[in-house]
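What follows is a single structure, written as C-alpha cells, with notes after it.
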Amino acid sequence: MAAAMNRVDEIRNRVILGEFGVKNVHTTDFPGNYPGYDDTWDMQKFQKNFRIDIVHLDENNMEFDMVGIDAAIANAFRRILLAEVPTMAIEKVFIYNNTSIVQDEVLAHRLGLIPIKADPRLFEYRNTGKEEGSEIDTIQLQLKIKCSRNPRASKDSSDPQELYLNHMVYSRDIKWVPIGNQADVFADSRIGPVLDDILIAQLRPGHELDIVMHCVKGIGKKVAKVVDSRLDTCSREVLRHDDLKNLVKLGRVRDHFIFTVESTGILPPDVLVTEAIKVLMAKCQRFLSELDSCGME
C-alpha cells in the first residue's frame, strides 16, 4: 500500500525524464483522480503555494522561476510572451527612390526587421482599413541618404571608407518625423531604432535612398525570446549505460517552470512579463464573460 501511495505521489509531483522520452507530463490534479487526495482547486491554497522567484534581471534579460502553477497556464504565458505582447514595428515602407543594388522588396524586408524604440502602451491600434495614420496610432520614420565621392580622398587610396561619403547605410540614418503633436508629447523620448549599428545597405557614388516608413502597434512580432535554458542542463548521459540506467531516476518538479526572457530593447524584460500577465488576465476575463453570457441564454 505504501509503495502504491509513493507511486501516486511521484505521478502527482514529478515529471520523469526517460532515455527516449518524458513521462507524467499530463495534468492529473483534478478532483477524484486519486483516492485519498482532495485535489479540488482552492484559491487560498494557490496563493500560498504560487510564487515567482527572480534569479536575474538587467536591461535586456530576465530569468525567473514560476512555482506552483499548472503546466497549461505556464505554457499559455510562454506563448503570450512570444506572440501577443504588443509592440511598435515598421509595417509600411514607401520607397520614393532607390538606386542602390538592393531590390525594393529586400530593402523593405530589412527595414521591417529593425526593432523600433517606442513604448506601445502610449499608442492605439490603427483601425482596419485606415489608410492615413495619425499621431495616436502611427510613427513616421524617414531614411534619406545619398552616396558621393570624398573630394579629400587620396588619389592612391582604394579604401571605400576614405573614397566615399555615406556609402554605408546604418539604422542610425533613420530619422523620426513627428506627426501632429508627437514632438511635444514625446519630447523626452528617443523614438527610433533600438540599435544604431544595424547595416541596411552599401552604396556607391550616385546611389540614393529616399524612404518613408510607418510604424504601427501590433502583436506577433516576437519581441521576446523565451527558452528553458536551465531546464535543458539536465544530462541524460547516465541513461546510456546499461549498468547504471536502472539505478538512477531523473525527474523534475511538475509545477516548477524556469523562464528566460530576452528583450530586443523595445521594452525592458520585466515590462514584457507584466504586459504578458495583463494579456493572460484579459483572456481569462473574456472567457468568464462568455460563460456568463451562455448561462443567461
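Some points to look at:
- Of all residue pairs spaced 6 or more apart or on separate chains, those with beta-carbon atoms under 7 Å, a first member in segment 148-174 that is within 25 Å of Leu195 (Cβ to Cβ) and open to solvent by less than 90 Å² (accessible area, probe 1.4 Å) and a second member that is modelled with pLDDT under 90 and not acidic (Asp, Glu) are His167/Pro160.
- Phe287 being over 19 Å from Gly220 (Cβ atoms), open to solvent by 40 Å² or more (accessible area, probe 1.4 Å), among the aromatic types (Phe, Trp, Tyr) and under 29 Å from the mean Cα position of the chain (by Cα): yes
- The one condition in (1) among the charged types (D, E, K, R); (2) open to solvent by less than 100 Å² (accessible area, probe 1.4 Å); (3) over 27 Å from the mean Cα position of the chain (by Cα) that Lys48 fails to fulfil: (2)
- Note on segment 113-135: residues that are of a type in the set (A, V, I, L, M) and open to solvent by 40 Å² or more (accessible area, probe 1.4 Å) amount to 2.
- Qualifying residue in segment 136-144 (condition: open to solvent by less than 70 Å² (accessible area, probe 1.4 Å), farther than 13 Å from Glu91 by Cβ and at pLDDT 90 or above): yes
- Output for segment 58-71, where each listed residue is out of contact with any strand residue (DSSP E or B) (no Cβ under 8 Å at 6 or more places or on another chain) and surrounded by 14 or more Cβ atoms within 10 Å (Cβ to Cβ): Asp70
- The one condition from (1) more than 28 Å from Thr260 (Cβ to Cβ); (2) surrounded by 15 or more Cβ atoms within 10 Å (Cβ to Cβ); (3) in contact with a strand residue (DSSP E or B) (Cβ under 8 Å, 6 or more places away or on another chain) that Tyr37 does not meet is (3).
- Neighbours by Cβ (under 9 Å, 6+ apart or cross-chain): first from segment 236-249, surrounded by fewer than 12 Cβ atoms within 10 Å (Cβ to Cβ); second modelled with pLDDT of 80 or more: Leu244/Val238; Leu247/Val238; Val248/Val238; Val248/Leu239
- Flag if Leu163 is in the same structural domain as Asp119 (by the TED database) and modelled with pLDDT under 95: yes
- Filter result for Ala224 (surrounded by 16 or more Cβ atoms within 10 Å (Cβ to Cβ), of a type outside the set (D, E, K, R) and modelled with pLDDT under 90): yes
- Whichever residue in segment 1-34 is open to solvent by 50 Å² or more (accessible area, probe 1.4 Å) and over 24 Å from Asn246 (Cβ atoms) and, among such residues, is modelled with the lowest pLDDT: Met1
The values are calculated or read from the model by the stated rules, or taken from the named source; none is laboratory data. Since the model is a prediction, treat every value here as computed from it, not as a measurement. Neighbour counts are summed over all protein chains in view; Cβ atoms, including those assigned to glycine, are modelled from backbone coordinates with ideal geometry. We work out accessible area using only protein heavy atoms, side chains counted, and drop any ligands, DNA or RNA first. Shrake-Rupley method; radii C 1.70, N 1.55, O 1.52, S 1.80 Å.
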